[in-house]
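*Asks:* Before anything else, here's the structure in question.
Only the coordinates and a few stated rules stand behind these numbers; no lab work does. From a predicted model like this one, the values you see are computed outputs, not experimental measurements. Here the Cβ positions follow ideal geometry from the backbone for every residue, glycine too, while neighbour counts run over all protein chains shown.
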Amino acid sequence: MELRAPAFSGPAFRQLPALFAGLVIALPVAVVLITGLVDGGGAAWTHIRETLLLRYLAGTVSVLSLTAILCLLMAVPAAWLVSMFRFPGRGMFEWMLVLPLAAPGYVLAYAWSDLAGVAGPLQSALREATSWSARDYWFPDISSLPGLSFVLACTLYPYVYLTARAAFISQSVCTLEAARSLGAGAARTFWSVALPAARPAIAAGLALALMEAAADYGAAEFLGVPTLTFGIVRAWKSFGEPAAAARLALVLLAIVLTFIIVERKARGRAGTQQSSIRWRRISRVTLRGPAAFGAAALCTSLFTLAFVLPVGRLVWLSLETGTRSAPVSDALVNSLLLAGTGAALAFVLALIIALTIRAKGPLATFARIAASSGYAIPGAVLALGALAVISALPVTLSGALALAALAWVYAVRFTAAGTEPMAAALARTPASIGHAAQSLGASPLRRTFEVDIPVAMSGAAAGALVLFVEALKELPATLMLRPFNWDTLSVRAHAYASDERLAAAALPALLITLAGLLPVILLSWQISRARPGGAA
């Protein structure tokens, strides 16, 4: 008799935990869809449709389009330079360019608003150097649609940088060398050979970045740019009409679904043109003179704009206010408690899904798709679904129930981030381990607890850290579901910034960024250790 791998490889009922996990994740989205399609939305929806919908849609499409262009301009040249050339600082830039991913968009919006404001250090230095008044010159307005796109691109371009770099270093060495031997210079090799081959991976990274941009609320609200996510939260807070917010969410879900399809198709097309010597070390070209200076200057400028200036400004404001800054200890404790609870729930769901994936049954497939879809859905939409579920129950939204609902939304939003590392660890496990356990007479349940779960735990540390930090940074869902007068770091920073108290917002914003640095530094360290020309 043929032996099968463990981990719920028996009858379908052994995959029932996967069905449960998938339903827990899919329920908020399903409720939003039903509410938006069935409920008319009343007078609030009529008002939004006639006066605001076009503004929200145009704002969202414009922001996403400009953000996409900026992400490509920032990420692709930098990824090509650090992958294919030697120049001063290349080794540091390779991992440092990922660090802006640690700061949420709303944190960079606060920092850049202070930096580029009329009373900020940039314009003050310009006036001191030229003796101009504020009316004598033009300066880019960060509180605008281009300003929001710039801020989002600064924090999201690492998605494109990572996928582009992985594609460049994984391309066929013989193809690149053939182009060089035929006399193609670096620019022609890039445009004619490397970029077309890397286009699917770049498209996948860009789709991920734009999904995050579509989900943004904090930066758009602070900078005053009308977007669909901003409209969803406003419809719920100002109009008190969940059905109208659900109808707006349908429009946003359609945009997000487009990005999901693009990302999946791009992922499927990536890596199909490699040769048998794919893994040979890439021979990087050493740049000298102006070329080396230009490459280093480009990477330095990108890192400075996206990370050094905004994070440095937050540090400066925090040190400047010192003991006069508003206390954030209560918000810190609340954040740790809430993020820890949400991450624990997401971790359990991720473990259930990871253990059932190898069985390749329909329930396991459903759970994995639900987890991936939940990660792509904006937090405001998931919070709306959770509110609709609770309102249908014979309960009131008390403090404890609100916190439980918020932890549920965190789990739905971020379970996929924990599922993939554990699934990868299980996929690397030799089938002989499961065969040995089965030949020794171990039951499926015993094999799960004594073989599969310990193996999955080897990939759990990074996943758990990502889950915790992502929950810590979530803003729109927290604003919509938190109990009254129960602030987290993200809510406190948002409240201070909304009141134009940017100095007070600096410390909680900086704490969020420092927490986000932990997984990003781990990722950057892994990138720096990756073998050039190795697997992406």
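*Asks:* Starting from the amide H of Arg86, placed 1.01 Å from N in the peptide plane, find each other amide H under 5 Å away whose residue is 5 or more places distant or on another chain.
*Replies:* Here Val285, Thr286, Leu287 satisfy the definition.
*Asks:* What FRET efficiency comes out for the pair Lys265/Ser133, r = Cβ-Cβ distance, R0 = 56 Å, nearest 0.05?
*Replies:* That gives a FRET efficiency of 0.55.
*Asks:* List, in order, the whole-Hz ³J(HN,Hα) value for each residue of region 143-152 obtained from phi through the Karplus relation with A = 6.51, B = -1.76, C = 1.60 and θ = phi - 60°; use x for Gly and Pro.
*Replies:* The phi angles translate into 7, 7, 4, x, x, 5, 4, 4, 4, 5 Hz.
*Asks:* What does the C-alpha gyration tensor say about the overall shape of region 10-127? Classify as rounded when a/c is under 1.5, otherwise prolate if a/b is larger than b/c, or oblate.
*Replies:* Oblate shape, in that a/c is at least 1.5 and b/c is the bigger or equal ratio.
*Asks:* Separate question: So how far apart, in nm, are the two label points at Phe85 and Ser391 if each is 7 Å from Cα heading toward Cβ?
*Replies:* Result for the modelled spin labels: 5.6 nm.
*Asks:* Beta carbons within 10 angstrom, averaged per residue: use that to sort the peptides 45-53, 111-119, 220-228, highest first.
*Replies:* Result, highest mean Cβ count within 10 Å first: 220-228, 111-119, 45-53.
*Asks:* What length, rounded to one decimal in nm, is gained on full extension from Asp330 through to Arg288, with 0.36 nm per residue of separation minus their alpha-carbon distance?
*Replies:* 9.8 nm
*Asks:* Between Thr300 and Ala119, what is 0.36 nm times their sequence separation minus the Cα-Cα distance? Round to one decimal in nm.
*Replies:* Separation in residues times 0.36 nm, less the Cα-Cα distance, equals 62.6 nm.
*Asks:* For a test of the definition: using alpha carbon positions, the gyration tensor, and the 1.5 limit on a/c, classify region 297-398 as rounded, prolate or oblate.
*Replies:* oblate
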